[in-house]
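A.B. asks: Handing you this structure, nothing more for now.
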Amino acid sequence: MRLGVNIDHVATLRQARRTFEPSPVYSALIAQQAGAHQITLHLREDRRHIQDEDLELIRKVVHVPINLEMAPTEEMKKIALRIKPNRVTLVPERREEITTEGGLDVVKLKDFLRLYLIDIRDSGIEVSLFVEPEKAQVHASKEVGADAVELHTGRYANLFNRHLIKEAEEELLRLRVAGEEAKSLGLRVYAGHGLNYKNTSMLVEALKDVVEELNVGHSIVSNAVIWGLERAVKEFLKLMAI
Ligand code: PXP
């Protein structure tokens, strides 16, 4: 299973003082050096963490694939077509949320997304949609022309963190069913949100034959403050190598 390291919160720390440190660009290079298979970053409409310049620089200096998370707006599409990340992951965005709260409602946005994605797909950028682990969302993702889905693991992570292991196992089953459905439709299957050093092993064990890649941000960056980023990435990779 591959690991995409989300470096947004390096930028969150920098923006807390509107200064130049810590540098998300430098952190992307260290994560790459430590073995990350991909750098993931979310350019939010309100620019609360990653800035346009970070994205431009990271695109230039990082050689592992870049996964740009963004809301499906015209502004973000223009940026994606100019920067050409390897992948765009569409996420829902609300200004008042602390982090991405739910998956994109592809079922509801089907007609809009079908048109929205045409130029992005034509430009050769892989399209992934961040969705709840539900068959209807997976089917709609296929219909609008996505290449992949990233299954939202937030609910699983919260249940595990609250020691509700039986419920967490049930959620893993939901992730598996949605993942298998996506695979059967020819979609690639990724997962992420809320994963940390405690709840990831059980998920990897349960889904290693279905999910190709995890995207992890907050926990790696948090532990980087304590251990340093290189060790934080290496320790995460170790627990995924089941
Ligand atoms: N995947 C997606 C689509 C996300 O929006 C996020 C959060 O930016 C993540 C993964 C990483 O989540 P976390 O920071 O909780 O690891």
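The values are calculated or read from the model by the stated rules, or taken from the named source; none is laboratory data. Remember, predicted model here, so these are calculated numbers, not experimental data. Because the Cβ atoms are built from the backbone with ideal geometry, glycine has one as well, and the counts that use them run over all protein chains shown. To get the accessible areas, we keep the full protein, side chains included, count just its heavy atoms, and leave off ligands, DNA and RNA. Shrake-Rupley method; radii C 1.70, N 1.55, O 1.52, S 1.80 Å.
A.B. asks: If we scan the stretch 15-38, do we find a residue that is within 11 Å of the ligand (Cβ to nearest atom) and part of a helix (DSSP H, G or I)?
C.D. replies: No, there is no match, as no residue in the stretch 15-38 is within 11 Å of the ligand (Cβ to nearest atom) and part of a helix (DSSP H, G or I).
A.B. asks: So, one more: In this structure, does Glu230 turn out to be within 24 Å of Pro24 (Cβ to Cβ), acidic (Asp, Glu) and in contact with a strand residue (DSSP E or B) (Cβ under 8 Å, 6 or more places away or on another chain)?
C.D. replies: Working: within 24 Å of Pro24 (Cβ to Cβ): yes; acidic (Asp, Glu): yes; in contact with a strand residue (DSSP E or B) (Cβ under 8 Å, 6 or more places away or on another chain): no.
Taking the combined requirement at face value, the residue does not satisfy it.
A.B. asks: Any idea how many residues of the stretch 174-186 are closer than 22 Å to Val216 by Cβ, over 16 Å from the mean Cα position of the chain (by Cα) and open to solvent by less than 60 Å² (accessible area, probe 1.4 Å)?
C.D. replies: In the first step, residues of the stretch 174-186 are kept if they are closer than 22 Å to Val216 by Cβ; the result is 174-176, 178-179, 182-183.
Adding the requirement that they be over 16 Å from the mean Cα position of the chain (by Cα) leaves 174, 176, 178, 182-183.
Cutting the leftovers down to open to solvent by less than 60 Å² (accessible area, probe 1.4 Å) gives us 176, 178, 182.
The total comes to 3.
Conditions tested, residue by residue: (1) within 20 Å of Val216 (Cβ to Cβ); (2) open to solvent by 10 Å² or more (accessible area, probe 1.4 Å); (3) free of Cβ contacts under 8 Å to residues at least 12 places away in the same chain.
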| residue | (1), (2), (3) |
| --- | --- |
| Met1 | yes, yes, no |
| Asn6 | yes, yes, no |
| Leu43 | yes, no, no |
| Ile50 | yes, no, no |
| Glu56 | no, yes, no |
| Lys60 | no, yes, yes |
| Ile66 | yes, no, no |
| Leu81 | no, yes, no |
| Asn86 | yes, yes, no |
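A.B. asks: Go over the candidates Leu3, Leu41 one by one and state the one that is closer than 17 Å to Ala71 by Cβ, within 12 Å of the ligand (Cβ to nearest atom) and aliphatic (A, V, I, L, M).
C.D. replies: Numbers: Leu3 fails: closer than 17 Å to Ala71 by Cβ.
Result: Leu41 is the single residue among Leu3, Leu41 that is closer than 17 Å to Ala71 by Cβ, within 12 Å of the ligand (Cβ to nearest atom) and aliphatic (A, V, I, L, M).
A.B. asks: So, Leu117, is that one at pLDDT 95 or above, more than 16 Å from His193 (Cβ to Cβ) and touching a Gly at 6+ places or on another chain (Cβ under 8 Å) or not? Walk me through it before giving the result.
C.D. replies: Values: at pLDDT 95 or above: yes; more than 16 Å from His193 (Cβ to Cβ): yes; touching a Gly at 6+ places or on another chain (Cβ under 8 Å): yes.
So Leu117 passes the test.
A.B. asks: Of Arg87, Arg174, Arg162, which residue is farther than 17 Å from Leu203 by Cβ and not β-branched (Val, Ile, Thr)?
C.D. replies: Details: Arg174 fails: farther than 17 Å from Leu203 by Cβ; Arg162 fails: farther than 17 Å from Leu203 by Cβ.
Result of the check over Arg87, Arg174, Arg162: Arg87.
A.B. asks: Any idea how many residues of the stretch 189-211 are open to solvent by 20 Å² or more (accessible area, probe 1.4 Å) and within 14 Å of the ligand (Cβ to nearest atom)? Spell out the reasoning first.
C.D. replies: Restricting attention to the stretch 189-211, the residues satisfying the condition of being open to solvent by 20 Å² or more (accessible area, probe 1.4 Å) are 193-194, 196-198, 201-202, 205-206, 208-209.
Remaining after also requiring within 14 Å of the ligand (Cβ to nearest atom): 193-194, 196-198.
Adding up the residues that qualify gives 5.
A.B. asks: When you look at Met76, is it in contact with a helix residue (DSSP H, G or I) (Cβ under 8 Å, 6 or more places away or on another chain), without any contact (Cβ under 8 Å) to a residue 40 or more places away in the chain, within 16 Å of the ligand (Cβ to nearest atom) and open to solvent by less than 70 Å² (accessible area, probe 1.4 Å), yes or no?
C.D. replies: no
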